[in-house]
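Just below is one structure, and these are the notes that go with it.
We did not get these values from a lab; they are worked out from the coordinates using the rules stated. Given the structure is predicted, the values throughout are model-derived calculations rather than measurements. Because the Cβ atoms are built from the backbone with ideal geometry, glycine has one as well, and the counts that use them run over all protein chains shown.
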Amino acid sequence: MNVTPTPIAGVMLVETPLREDHRGAFGRLYCDRELADLAGTRRIVQINQSRTREAGAVRGLHFQHAPHAEMKFVRCLRGRVWDVAVDLRAGSSTFLRWHAQELRADRHAMLVIPEGCAHGFQVLEADSELLYLHTAHYDPDAEGGLRHDDPRLAIAWPLPVADLSERDRAHPLLSPDFAGLDV
């Protein structure tokens, strides 16, 4: 596995090569030994999958508050998405900066998003599917979210936003005095 840092500390791109032959292909999705430097003592406790029908749809930006903050490993299984991580960590040198990475089913890479970062994505190809590995269980009382169009973030979504859930529409804008999350 090839691990490449992004401009946001702790957000990493992990590329996993495929072995191909006349029968097809084989690839490793996750390896605790190879990713030990990233995961530390965390363990994967929940695995989720999403499918989004419409190109241009945005999901997120989501996070969980401490003590339920989670690290996510996000991989595209079908189609293409523009995956975004936003640094919300109090005191971080990249506070309120975002990083986006195109994830494609044919490129065999995943984005690692640490605790204290919000996550969202825009679908670039209809019927795209994502696989998420989480280091904390989902807790509805700990969920948080940001608006995709928050002017303090100024995320440059590559396509016009075609679809948002009611939940994601209802996320608040960041308040001027937002100082970050403690993780």
Can you sort W157, W98 by how many other beta carbons sit within 10 Å, fewest first?
W157, W98
Kirkwood Rh in Å, taken over region 1-83 so that all alpha-carbon pairs contribute:
15.5
Rounded to the nearest 0.05, what FRET efficiency is calculated for R28 and A156 with R0 set to 30 Å and r the Cβ-Cβ distance?
0.40
Kirkwood-Stokes translational diffusion coefficient of the chain, alpha-carbon pairs, 10 °C, 1.306 mPa s, µm²/s:
95
Considering only C-alpha atoms, what is the centroid distance from region 1-61 to region 79-150, in Å?
12
Going fewest to most other Cβ atoms within 10 Å around each Cβ, S92, S128, S175, S50 line up as S175, S50, S92, S128
